[in-house]
Amino acid sequence: MLSISENLKFQLKKVALLCILFLAVFGLSFYVVNFFDPHPAMKNKPIVAVQGAKLLSNPELQKRAGKDNINLVAFDDWAKINKLTGGDIYDGDPDKDGLPNYLEYLHGTDPNNPDTDGDNFSDGTEISNGYDPDSKGDAMTIVSIKIDKLGVDAPMVWSTTDVEANMEKDLESGLAHFMKTAAPGQNGNLIVSGHSSNFVWAKGGYNHIFEKLNDLQVGDLVTIQTVQKNGRMFEYQYKITDKFVTTANDQKIFENTPNPTLTLSTCWPLGTNLKRLIVKAEIVK
Ligand SMILES: [Ca+2]
Ligand SMILES: [Ca+2]
Ligand SMILES: [Ca+2]
């Protein structure tokens, strides 16, 4: 017969043993799960960025995308899953949404559905106008503009006006895209405005973002990055072709172009809004 205190000790030992056993089993299962799935925390994060990752040696796709660092599910597997066959596997457009298969692949859209996100705008229309093809409604891609030479790295705001005088609010948050001008990487004239100076009491963190715009020379590069909600990221490079000062209302800078071009505009001379300093660039293929 055990005495009462010995019985208590025995019970406590049992509880302690069970606790240790539980922790051991829990720890082991945690280890096993992590062993087979080394990045469980990554599951809900965007899996793909067209840039910034390595691998996938598909010369045809690289040629079309102009990139050599694509890291997605292999194009061939994707094509098989989507039952794309025949000779026109890259440039074909079976769903007739204006987007060839290789771009559907890169944008993460459905090559057999003209409207992947079901918002009544086709994948091709959305992309050519800067909308996110994989996010319903009027969701735009997230855009940033980088000019290494000037240390500029700023968000681009999709302005809802093409009247510069009405862009003050947008210019508080970055560079402002003139409504109805081209989207990044797309055919046409993409026009962006930024402050070179502003009143000392002016709100916003971008009041001097283009103060050194005049330091740019023909041949310098501007990089525009777009990011979709599904994590797909694209980088477009524009090479500067021209730089000039003109009047504040020179409509010539709005002239459209058949190929992707970029027009950067800022108030000039520095500290005034008398004229405009214009920088023109063309996409690098
Ligand atoms: Ca298509
Ligand atoms: Ca499609
Ligand atoms: Ca759509």
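The values are calculated or read from the model by the stated rules, or taken from the named source; none is laboratory data. The structure displayed is predicted, hence computed values, not measured ones. Using ideal geometry, Cβ is built from the backbone for each residue, glycine included, and neighbour counts are taken over all protein chains shown. In case anyone asks, the SASA skips ligands and DNA or RNA and just uses the protein heavy atoms, side chains included. Shrake-Rupley method; radii C 1.70, N 1.55, O 1.52, S 1.80 Å.
Under Stokes-Einstein, with the Kirkwood radius over Cα pairs standing in for Rh, what whole-number D in µm²/s applies to the range 198-285 at 25 °C and 0.890 mPa s?
In µm²/s, the coefficient is 167.
Taking all protein chains as present, what is the carbon and sulfur share of the accessible area of the range 150-285, in % to the nearest whole number, probe 1.4 Å?
C and S fraction of accessible area: 51 percent.
On the principal axes of its Cα set, how long, how wide and how thick is the range 132-285? Give whole Å, largest value first.
42, 34, 29
DSSP loop trypsin sites (Lys or Arg not before Pro) in the range 137-197 with at most 14 other Cβ atoms within 10 Å of their Cβ, which ones?
For trypsin sites (Lys or Arg not before Pro) across the range 137-197 that sit outside H, G, I, E and B with at most 14 neighbouring Cβ atoms in 10 Å, the list reads Lys180.
Distance check, please: which entries in Lys146/Lys229; Lys63/Lys229; Lys149/Lys239 exceed 22 angstrom between their Cα atoms?
The answer is Lys63/Lys229.
Sequence neighbours fewer than 8 away in the same chain don't count; with that in mind, list the aspartates and glutamates whose C-alpha is under 20 Å from Lys13.
List returned: none.
Leaving out same-chain residues fewer than 8 places away, which aspartates and glutamates sit with a Cα under 12 Å from that of Lys243?
Asp215, Asp220
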